[in-house]
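Written out below as structure tokens is the structure these notes cover.
The values are calculated or read from the model by the stated rules, or taken from the named source; none is laboratory data. Not measured: the values here are computed from a predicted model. Cβ sites come from the backbone with ideal geometry, for glycine too, and all protein chains shown count toward neighbours.
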Amino acid sequence: MQGVLAQSLLPVVEDHSAPATCFVRKHLSAKRAPRPWQFRDPLCLRSPPDRPRDCATRSTAQSALSTTGLVQTEAALPSLTDIIPFRPWAVPGTRWRVRPIREDEVPAVCRIQTEAFHEAHGFPPINALLHTIFQAEVLASLRQKLKYADRDNFVCLVAEDRHNPAGVLGVVEVSIVSEKEVLRAMRAAGEEIESYAYVACMAVSDAARRQGIASALLAGAERLVADRWVQGRVLLHVYCDNRPAVELYHRNSYQDVLHDPHWNALWGRRRRTLMCKELWRK
């Protein structure tokens with residue numbers, strides 16, 4: 001997994017016309033120009049089967065890339081927690097701790113989100129099938145986001161009991177997005193913005209609800225947004241008929257910005273409310 005994460009951080013090495021490649025070529029020996037295949041592997045550690053290894057050229061290329069900060073040695077590859085710009089944070093006044101997700105916690109987080117968002121079917125056999133399909137989709141989606149999303153624009157946070165960290169109790173996903181519909185709504189409210197911090201997929205395990213974990217997750221997300229991303233507001237969507245969630249966000253100072261039109265119900269779609277919390281103003 002670490003190798004995959006390292007490769008996802010190094011897209012410029014794959015582009016032969018990128019500045020990083022030009023930088024490497026200037027630092028290679030003038031007697032022998034680099035071959036294209038030497039840049040296919042981000043760490044230049046492997047040679048194709050039909051080519052002999054050129055240790056000197058490979059070492060020079062790796063040293064040049066390491067100097068620019070684009071590549072780390074295989075022994076120093078970062079873990080998932082290391083590359084996320086957020087450290088474990090004990091929420092003041094509670095026993096909860098919010099931190100980035102670990103790789104081995106992805107299945108547990110998937111189960112929590114599945115139980116929270118799966119809409120049950122009245123016929124048990126069909127419900128079991130739909131539940132299995134939905135859980136597989138949630139798992140695939142989360143893994144894709146963790147693998148390919150820009151680490152500066154997406155973070156998945158989890159909550160745990162800092163006195164007894166036996167497992168994940170809740171999860172929230174925070175990202176920087178620029179959805180046109182939301183930007184229009186904010187513009188109508190007098191806010192000219194090009195992007196915004198967005199909270200989504202927040203869920204708490206059934207056994208840990210009504211204990212303040214959701215508020216702790218929101219506090220952790222807001223701290224990340226304000227301190228790391230330097231964003232002054234947080235936005236989210238909530239279903240209008242989900243009264244407990246609406247009340248939760250109102251208690252945490254989120255204000256209604258836009259409601260979906262009533263005719264959405266004619267198409268079988270649940271109405272949503274766009275909510276916003278101002279963290280600070282310039």
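Which one of the conditions (1) in contact (Cβ under 8 Å) with a residue 60 or more places away in the chain; (2) outside any helix (DSSP H, G or I); (3) aliphatic (A, V, I, L, M) does ALA120 fail to meet, given that it meets all the rest?
The number of the failed condition is (1).
From the list ALA120, ALA136, ALA128, ALA116, exactly one residue is over 11 Å from the mean Cα position of the chain (by Cα) and closer than 21 Å to GLY212 by Cβ. Which is it? Lay out the reasoning, then the answer.
Details: ALA120 fails: closer than 21 Å to GLY212 by Cβ; ALA136 fails: closer than 21 Å to GLY212 by Cβ; ALA128 fails: closer than 21 Å to GLY212 by Cβ.
Matching residue, one of ALA120, ALA136, ALA128, ALA116: ALA116.
Looking at this structure, is ALA245 among the small types (Gly, Ala, Ser), under 18 Å from TRP96 (Cβ atoms), assigned by TED's automatic domain parsing to the domain that holds TYR196 and touching a strand residue (DSSP E or B) at 6+ places or on another chain (Cβ under 8 Å)? Please lay out each step first, then the result.
On the way: among the small types (Gly, Ala, Ser): yes; under 18 Å from TRP96 (Cβ atoms): no; assigned by TED's automatic domain parsing to the domain that holds TYR196: yes; touching a strand residue (DSSP E or B) at 6+ places or on another chain (Cβ under 8 Å): yes.
Against the criterion (among the small types (Gly, Ala, Ser), under 18 Å from TRP96 (Cβ atoms), assigned by TED's automatic domain parsing to the domain that holds TYR196 and touching a strand residue (DSSP E or B) at 6+ places or on another chain (Cβ under 8 Å)), ALA245 does not qualify.
Restricting to region 105-157, and then to whatever is of a type in the set (S, T, N, Q) and under 30 Å from PRO88 (Cα atoms), can you tell me which residue is surrounded by the most Cβ atoms within 10 Å (Cβ to Cβ)? Spell out the reasoning first.
Taking region 105-157 and keeping what is of a type in the set (S, T, N, Q), we get 113-114, 127, 132, 135, 141, 144, 153.
From what is left, the residues that are under 30 Å from PRO88 (Cα atoms) are 113-114, 135, 141, 144, 153.
On the way: GLN113: 21, THR114: 18, GLN135: 17, SER141: 13, GLN144: 10, ASN153: 13.
Residue satisfying both the conditions and the ranking: GLN113.
Among the residues of region 233-268, what is the count of those that are among the acidic types (Asp, Glu), under 21 Å from ALA189 (Cβ atoms) and at pLDDT 95 or above? Talk me through it step by step, then tell me what you get.
First, pick out the residues of region 233-268 that are among the acidic types (Asp, Glu): 241, 247, 256, 260.
Narrowing further to those that are under 21 Å from ALA189 (Cβ atoms): 256, 260.
Still in the list and also at pLDDT 95 or above: 256.
Count: 1.
Is it the case that GLU137 is modelled with pLDDT of 90 or more, charged (D, E, K, R) and in a helix (DSSP H, G or I)? Full working, then the answer.
Numbers: modelled with pLDDT of 90 or more: yes; charged (D, E, K, R): yes; in a helix (DSSP H, G or I): yes.
Yes, satisfied.
Take LEU218 and tell me if it is surrounded by 15 or more Cβ atoms within 10 Å (Cβ to Cβ), under 28 Å from THR94 (Cβ atoms) and in contact with a helix residue (DSSP H, G or I) (Cβ under 6 Å, 6 or more places away or on another chain).
On the way: surrounded by 15 or more Cβ atoms within 10 Å (Cβ to Cβ): yes; under 28 Å from THR94 (Cβ atoms): yes; in contact with a helix residue (DSSP H, G or I) (Cβ under 6 Å, 6 or more places away or on another chain): no.
No, not satisfied.
Mind listing whichever residues of region 238-260 are over 23 Å from the mean Cα position of the chain (by Cα) and either of a type in the set (Gly, Ala, Ser) or exposed (fewer than 15 other Cβ atoms within 10 Å of the Cβ) (or both)?
If the condition is that a residue be over 23 Å from the mean Cα position of the chain (by Cα) and either of a type in the set (Gly, Ala, Ser) or exposed (fewer than 15 other Cβ atoms within 10 Å of the Cβ) (or both), then ASP241, ASN242, ARG243, PRO244, GLU247, HIS250, ARG251, SER253, GLN255, ASP256, HIS259 are the ones that fit.
Just one of the numbered conditions (1) free of Cβ contacts under 8 Å to residues at least 60 places away in the same chain; (2) in a loop (DSSP other than H, G, I, E, B) is not true of HIS163; which one?
Among (1) free of Cβ contacts under 8 Å to residues at least 60 places away in the same chain; (2) in a loop (DSSP other than H, G, I, E, B), the lone unmet condition for HIS163 is (1).
Return the pairs, sorted by first residue and then second, in which the second residue is in a loop (DSSP other than H, G, I, E, B) and surrounded by 19 or more Cβ atoms within 10 Å (Cβ to Cβ), the first residue lies in region 195-209 and is modelled with pLDDT of 95 or more and among the hydroxyl-bearing types (Ser, Thr, Tyr), the beta carbons are less than 6 Å apart, and the residues are 6+ apart or on different chains.
SER205/LEU169
Among the residues of region 161-182, which ones are of a type in the set (Asp, Glu), under 18 Å from the mean Cα position of the chain (by Cα) and surrounded by 15 or more Cβ atoms within 10 Å (Cβ to Cβ)?
GLU173, the sole residue that qualifies.
Whether any residue in region 186-198 is under 23 Å from ARG87 (Cβ atoms), among the aromatic types (Phe, Trp, Tyr) and crowded, with 17+ Cβ neighbours inside 10 Å is what I want to check. Before you say what the answer is, go through the steps one by one.
First, the residues of region 186-198 that are under 23 Å from ARG87 (Cβ atoms): 197-198.
Right, trim to among the aromatic types (Phe, Trp, Tyr) and you get 198.
Now narrow it down to the ones that are crowded, with 17+ Cβ neighbours inside 10 Å: 198.
Looking for residues that are under 23 Å from ARG87 (Cβ atoms), among the aromatic types (Phe, Trp, Tyr) and crowded, with 17+ Cβ neighbours inside 10 Å, one finds at least one in region 186-198, hence yes.
If you go through region 183-220 one residue at a time, how many are over 23 Å from GLU137 (Cβ atoms), more than 20 Å from the chain's Cα centre (by Cα) and either assigned to a loop (DSSP other than H, G, I, E, B) or not aliphatic (A, V, I, L, M) (or both)?
Result for region 183-220: 11.
Mind checking which residues of region 221-256 are in contact with a Cys (Cβ under 8 Å, 6 or more places away or on another chain) and in a helix (DSSP H, G or I)?
VAL246
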